[in-house]
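Below is one structure, written out as structure tokens, with a few remarks after it.
The values are calculated or read from the model by the stated rules, or taken from the named source; none is laboratory data. Computed from a predicted model, the values in this text were never measured in an experiment. Cβ sites come from the backbone with ideal geometry, for glycine too, and all protein chains shown count toward neighbours.
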Amino acid sequence: MESLRTVTTTLWLFTRSDFKSMIYPNLIFAAVNTMAGSRMTTNPSPSIYQVIKTLPAVFFWLWINLLLFNVSNQRLPASLIEDQVNKPWRPIPSKRITPSRARHFLLCLVPTVLLCAYFQGVVWHSLCLIVLTWMYNDLEGADEHFLVRNIINALGMSFYSSGALTIACGRTHTINSTGYQWISLISAIVMTTLQIQDMGDQMGDRLKGRKTLPLVMGDDFARWTIASSVLLWSIAAPSFWHPGTFGYVLASLTGSMLALRVLLLKSIEADKKSWKMWCVWIVTLYLVPLCAPLAQ
């Protein structure tokens, strides 16, 4: 029998690289937008204590759905080729677990995720994420074309964020129409800027035959699409809330730094750091709804 430490380390390694892009931002999104009250949900006066109390459940739901996606993705032969170049520390290329055992684990994980989602009131969100996982991995939607890849990622982000926010709202409240509009806007931002994730992985993506934007359209073209989209959304997204000077400065300053970095720093290591900065930029956009009352 494997030790508990070995098992937990393996689970951690499956999801390690995506905490910064999926877990932490969506956890912050759930907390911040629940605290935004009637601007996002049907709860006009949420308390900080109520919100904090829901965060462990939000974290667990985000993590177990991310685990399902990553096990599904990393078990595939083509992903193993890519990970041997880009992320050799992951469980399968480092031989902590075989692809066959990962597939067996996935068979158990799917009903487990749906059962957990049922008790948390977000079964629809998890079911949609499972369908998108199947499209992205087994139907090779991630490799087919960069537009397909970005659309699936954007839809996935919308279900992660809306599911996290639904849990944070509690059983007696839900997301309002403005909240869903904001989530749709965030999905559009993800769809038009997420190619930044592919900039530092071009070597492994080329080996896998993945048709990412920098490989199809060229490195320089991809960088300009990222920089221009980031600058545009840094103004357009805050405009949704009319947050005043502070809200615009918060988003546009981070966005400008990110855009310049993507255009000027082009090494693999720099691109990986730019990807981390993109995650920070997204979080600054998530904070904008809280700035709206300051402008009134």
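Tabulated results
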| item | result |
| --- | --- |
| Residue in region 97-117 that is assigned to a helix (DSSP H, G or I), among the β-branched types (V, I, T), in contact (Cβ under 8 Å) with a residue 12 or more places away in the chain and closer than 30 Å to Q181 by Cα present | yes |
| Tally, over region 195-247, of residues that are buried (at least 20 other Cβ atoms within 10 Å of the Cβ) and of a type in the set (K, R) | 3 |
| The one condition in (1) at pLDDT below 90; (2) crowded, with 21+ Cβ neighbours inside 10 Å that W61 fails to fulfil | (1) |
| L260, sole failed condition from (1) at pLDDT 95 or above; (2) under 25 Å from I152 (Cβ atoms) | (2) |
| Output for region 26-53, where each listed residue is over 20 Å from the mean Cα position of the chain (by Cα) and part of a helix (DSSP H, G or I) | M35, G37, S38, R39, I48, Y49, Q50, V51, I52, K53 |
| Residue check for G163: part of a helix (DSSP H, G or I), crowded, with 19+ Cβ neighbours inside 10 Å and touching a residue at least 60 places away in the same chain (Cβ under 8 Å) | yes |
| Region 96-116 - residue that is over 22 Å from the mean Cα position of the chain (by Cα) and of a type in the set (S, T, Y) and, of those, surrounded by the fewest Cβ atoms within 10 Å (Cβ to Cβ) | S100 |
| Count - residues of region 54-81 that are touching a Ser or Thr at 6+ places or on another chain (Cβ under 9 Å) and not aliphatic (A, V, I, L, M) | 9 |
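This table checks each residue for (1) surrounded by fewer than 19 Cβ atoms within 10 Å (Cβ to Cβ); (2) closer than 22 Å to V288 by Cα.
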{"site": "R5", "(1), (2)": "yes, no"}
{"site": "K20", "(1), (2)": "yes, yes"}
{"site": "N26", "(1), (2)": "no, yes"}
{"site": "A36", "(1), (2)": "no, yes"}
